[in-house]
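Okay, structure first, notes after.
Here, each number is a calculation from the coordinates, and none is a lab measurement. On a predicted model such as this, the values are computed, not experimentally measured, just so you know. Don't worry about glycine lacking a Cβ; one is built from the backbone with ideal geometry, like all the others, and counts go over all protein chains shown.
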Amino acid sequence: MSTQDKIIAILAEQALLAPSDVGVDDALEDLGIDSMALVECIFAIEEAFDISVPFNANAPHNGEFDISTVASIIAAVERLKAE
């Protein structure tokens, strides 16, 4: 399973959607992922890829881990995996 597929599966599970309903251009808010679900997504991503995500739940949009869209999350995870 590719990085993109894994991340989409994680986000879909939290949003209670089918993976086919999650597009790479979707914003998390559009998927119905709130702040609590976002934290669960971050934990699931860390576990799935054995990485540490630099994410501050108190300021989620002010960190180096871009959560603006599904595509930005995929790109951020790819960068963390490469480090």
*Taking N as the number of residues in the chain, what value does Rg over Cα atoms divided by 2.2 N^0.38 Å take?*
0.97
*Which of ILE74, GLY23, SER35 sits farthest toward the positive end of the charge dipole of the chain, with +1 on the Cβ of Lys and Arg and -1 on the Cβ of Asp and Glu?*
ILE74
_Neighbourhood net charge (11 Å Cβ-Cβ; Lys/Arg +1, Asp/Glu -1) for ALA44_ = -3
